[in-house]
Structures are given as structure tokens and as C-alpha cells.
Amino acid sequence: MGNCVRTSEKLTAEIVPHGGGATVYPAVRLHGSPNSIFAAYTRFAVLHNAVAAPPSDATPCTAARGGRSEAAVPMVFRLGHDGASGSRDALVRFIDAKFPDLAEEEEVAAAVTALDGGGGRGEEAASLAVRVTRLQHKSMTWHLERMVRWAEDLVTRGGTRAVDPKVGTWKMEVVKFGRRYCQLLEMMMEHAQMEERVLFPIFDIADRGLSKAAKEEHARDLPIMNGIKEIIKSVEVLDSRSPNYRETLHNLSTRLKSLQGLCKQHFMEEDVELLPIMEAVGLSKEEDESALEQCFVVMQGTHGRLLKFLLEGLSPHDAMKYLDLISMCRDKERMEYMLRMAVE
């Protein structure tokens, strides 16, 4: 992937994509093991509520691993004179009560889902791998839309630096644009590999050729995605005063819009036509959990250095759903690693 393998520069506190104008709350304190999955999960819930992050001076103790239960690592969440302890769900309920931003988001998301005629109980009852796939579709859709808007703005300005000084010079902005696209490209490629290595074989065993169209669309889109990366490289090296600079920017914007349209249609077809068939396949609980595990194994980059990037494209409600799925990972060390990557 070359220069595509980059670490996200965004802070954890910045990964609330649909926020803005959130209430400012006092700092909170989290006591317990710094290595506990409770700590990672609770910190993430707090950060998505735009609350000051709990300090990392938690009392050292052994993290839950292997056969030890989560209850073996007590966590205490304190806000002034108030506090809560117990299970992960108890801590999250306390956060929802004290900081209502996330709770309100969940109510809105549930209402929208009901109006759309999807999700709800049916979504929660779906295969674990299907739920992961659908949430990844949401994140990639959000990031693609963002890249398209950004490219349109670059075309409009045509070499003129942004008003916001934090963006830096035009050259710096173009480099940042390239980094963000490379992150998205890596996530999309890993997502396609996950589907082809984990989900599609399950469908094809039940009905050979069921995933043929989806595979063909993956093959169709790959050259387009790589082509966009090459155009971005050209934009980075071209002089912004050169005659064909605006034309190159326009070509970049057009290609991104085309990719956005193709991906939107592809994701919708999978969500509506292909993924619901998983219920008819009738996976056992063991097979379903194994498929979920393989999703995380195949998408190592996405669930490592790019996990914050993935979660950035989800609403707080959906981001917590994704962490719930990560917490179902049977490999405890991998699960703890992924949860910590969400907040470190």
C-alpha cells in the first residue's frame, strides 16, 4: 500500500462525526485496572459523550484474560460525589443517565431505523458477521461522502489555501487528503477481502453462485479505487499554477463521485438482497461466532491502527454497537487489543 499505511492523526476526542455544540461536562475519574476491557469500553462511551477523558491513573491490577470473567476486574466510575461500579452495562447506564447526549442519540437512531423499516429487533437478531458488515458499510459510506465533498471544495478553490489556518498550506491539505483516502482505501480493500474469504463462501455453500454478482462488483471497483490514488499522487506533485492542474482536480472529483455511486448501490444490494439470506443459511451459534472471529482476523489493519477511522464514520449509537460486537470476540487478547485501540 506504500504511503497508504499511515496512523490516523485524529485525537480520540475528535471522533464524534455527528456532534457539535455538545454540553461541556466536568472531568470524570475511572478507577480500576488500566488494562481492563471495562476501562476501554467505558472510556469510549465517555469520549463519545464529549466528556473529558478519565485519567489513566487507574489502580494497577491484573487484567481479565483467558477464562477469567470480566467481573474479576472491578471498575469504579466517579463524577464528583456520585459513582457507579459493577458490570459494563451498569457503567454505561450510569454514563447515559449523567451525560444524556448518547442516550438521546440512541433514541433518535432507533426512531430513524423504525421509520426506514429496517434494523430494530431484526437487526439485533441478525448474524454477528452480518451486523459487522452492515456497520462497516455505514462507515465507508460516510467517509466516501466526506471525501467527495472535500474534493469538490478543492476544485472550487483550485489551488487557493483554505481559510482555516489549521488546515495549513494548499500542499499540506492535499497531502492530508491523500492520507485520508489511503485510509479509506485500505479499509475498503480489507472489507472486500473479508466478504470474499468469510461471508461469500458461506453463501456459496448454501447456493453456489449466490455471491457471484458481488464478487464481480468488487473486481470492477478495485481499478477505480487504485486509479483515484494515482490521481491524488499527480495532484500532490503538480504545480498548482500549471495549465492542467484544475483539470486534474476535476477528474479526481468526478472519479470519487463515480466511486461513491457505485459503492452506494453495491452496499444497498448487499444489505437488502444478500445479507438477509444469512438467516436462511441457519448458522449455529458456534459457526456464527467463528465467522465473526474471522472477520476481525482478516481485517487486521481496520481493527488495529484504522479502528478509530472506522468508528469515526459511525454515529455514537452505531459505534457502541460495533464495540459490543468486538467484545464478543472469543480471543480475549485480540478483543482487549481492539478495545484499547479505540481509545488510545
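Taking into account only those residues within segment 276-331 that are in contact (Cβ under 8 Å) with a residue 12 or more places away in the chain and basic (Lys, Arg), which is surrounded by the most Cβ atoms within 10 Å (Cβ to Cβ)?
Only one residue tops the list, namely Lys321.
Let me confirm something: among Leu252, Leu262, Leu292, which residue is under 17 Å from the mean Cα position of the chain (by Cα), in the same structural domain as His137 (by TED's automatic domain parsing) and modelled with pLDDT of 90 or more?
Leu292
Considering segment 229-283 alone, what residues qualify as being basic (Lys, Arg) and either in contact with a Lys or Arg (Cβ under 8 Å, 6 or more places away or on another chain) or part of a helix (DSSP H, G or I) (or both)?
Lys229, Lys233, Arg246, Arg255, Lys257, Lys264 - these are the residues of segment 229-283 that are basic (Lys, Arg) and either in contact with a Lys or Arg (Cβ under 8 Å, 6 or more places away or on another chain) or part of a helix (DSSP H, G or I) (or both).
Out of Ile224, Ile228, Ile232, which single residue is in the same structural domain as Val297 (by TED's automatic domain parsing), free of Cβ contacts under 8 Å to residues at least 60 places away in the same chain, touching a Cys at 6+ places or on another chain (Cβ under 9 Å) and closer than 20 Å to Gln260 by Cβ? Talk me through it step by step, then tell me what you get.
Values: Ile224 fails: touching a Cys at 6+ places or on another chain (Cβ under 9 Å); Ile228 fails: touching a Cys at 6+ places or on another chain (Cβ under 9 Å).
Only one candidate qualifies: Ile232.
Among the numbered criteria (1) surrounded by 15 or more Cβ atoms within 10 Å (Cβ to Cβ); (2) touching a helix residue (DSSP H, G or I) at 6+ places or on another chain (Cβ under 8 Å); (3) closer than 23 Å to Ala129 by Cβ, which one does Arg255 miss?
If we test Arg255 against (1) surrounded by 15 or more Cβ atoms within 10 Å (Cβ to Cβ); (2) touching a helix residue (DSSP H, G or I) at 6+ places or on another chain (Cβ under 8 Å); (3) closer than 23 Å to Ala129 by Cβ, just (3) comes out false.
Taking only segment 163-174 into account, find how many residues are touching a helix residue (DSSP H, G or I) at 6+ places or on another chain (Cβ under 6 Å) and surrounded by 15 or more Cβ atoms within 10 Å (Cβ to Cβ). Break it down stepwise before answering.
Initial filter on segment 163-174 (touching a helix residue (DSSP H, G or I) at 6+ places or on another chain (Cβ under 6 Å)): 167, 173-174.
Filter once more, keeping what is surrounded by 15 or more Cβ atoms within 10 Å (Cβ to Cβ): 173-174.
Here the count works out to 2.
Please specify each residue of segment 147-170 satisfying the condition of being touching a residue at least 60 places away in the same chain (Cβ under 8 Å) and not small (Gly, Ala, Ser).
Once the filter is applied, which keeps residues that are touching a residue at least 60 places away in the same chain (Cβ under 8 Å) and not small (Gly, Ala, Ser), segment 147-170 yields Met147, Val148, Glu152, Leu154, Val155, Trp170.
The values are calculated or read from the model by the stated rules, or taken from the named source; none is laboratory data. Being a predicted model, the structure only gives us computed values, none of them experimental. Backbone-built Cβ (ideal geometry, glycine too); neighbour counts: all protein chains shown.
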